[in-house]
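I have placed the structure first, in the form of structure tokens, so that the comments after it can refer back to it.
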Ligand code: CA
């Protein structure tokens, strides 16, 4: 599935290498070298997925992700964080701010491309357009476009990641999921 991907990375060589691999995989790629440019680029042209470095020269990748999740226009854009740090705390912060996946440097650009494709298949525009708008399973009701979840009529609050996990599981109810 060809998608528009925004690579946010201040290391120019790495940004170019990642962009090259994604373009070879058929994607349309834009690059931003800092957080402010990334946010400006995203509001100018909404990407299908953002590859977001944590350590940026201005605002951190975590803060960029937080801002994307806060706005209804950008809250559903899949975000993959890129970082040199392997500490668990960073992974936890990444998921808390709503990142969909986490890739630790150094990584293989080919592997990154495969992970990007897997996420696009799971949460991309094609994937959501095919699915039902409201899923009801027993007492659980999921309004997909509204990101609204109810159990026995009570609304429950979920992070972006929790919502996607729940939606993933609910849409495959009765099947084994790895
Ligand atoms: Ca960096």
Segment 130-178 - residue that is touching a residue at least 40 places away in the same chain (Cβ under 8 Å) and in contact with a helix residue (DSSP H, G or I) (Cβ under 9 Å, 6 or more places away or on another chain) and, of those, nearest to residue 75 (Cα to Cα): 160
Test: residue in segment 58-81 that is away from the ligand (no atom under 16 Å from the Cβ), part of a strand (DSSP E or B) and either under 17 Å from residue 110 (Cα atoms) or touching a strand residue (DSSP E or B) at 6+ places or on another chain (Cβ under 7 Å) (or both): no
Failed criterion for residue 76 (all others in (1) at pLDDT below 95; (2) touching a helix residue (DSSP H, G or I) at 6+ places or on another chain (Cβ under 7 Å); (3) closer than 21 Å to residue 117 by Cα hold): (2)
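Find the residue count for segment 138-178, including only residues that are in a loop (DSSP other than H, G, I, E, B) and modelled with pLDDT of 85 or more.
Filtering segment 138-178 for residues in a loop (DSSP other than H, G, I, E, B) gives 138-139, 144-147, 152-153, 157-159, 171-178.
Filter once more, so that each one left must be modelled with pLDDT of 85 or more: 139, 152-153, 157-159.
Final tally of qualifying residues: 6.
Filter segment 1-18 for residues that are in contact with a helix residue (DSSP H, G or I) (Cβ under 7 Å, 6 or more places away or on another chain), surrounded by fewer than 17 Cβ atoms within 10 Å (Cβ to Cβ) and either part of a loop (DSSP other than H, G, I, E, B) or modelled with pLDDT under 95 (or both) and give the result.
Keep residues of segment 1-18 that are in contact with a helix residue (DSSP H, G or I) (Cβ under 7 Å, 6 or more places away or on another chain), which gives 1, 3, 5-9, 17-18.
Then drop every residue that is not surrounded by fewer than 17 Cβ atoms within 10 Å (Cβ to Cβ), which leaves 1, 17.
Within segment 1-18, just 1 meets the criteria.
Hey, among 32, 36, which residue is more than 18 Å from the chain's Cα centre (by Cα) and at pLDDT 95 or above? Please lay out each step first, then the result.
Values: 32 fails: more than 18 Å from the chain's Cα centre (by Cα).
Testing whether each residue is more than 18 Å from the chain's Cα centre (by Cα) and at pLDDT 95 or above leaves just 36.
The values are calculated or read from the model by the stated rules, or taken from the named source; none is laboratory data. What you see is a predicted model; the values in this text were computed from it and never measured. Methodologically, a virtual Cβ is constructed for each residue, glycine included, from the backbone with ideal geometry; neighbour enumeration extends over all protein chains shown.
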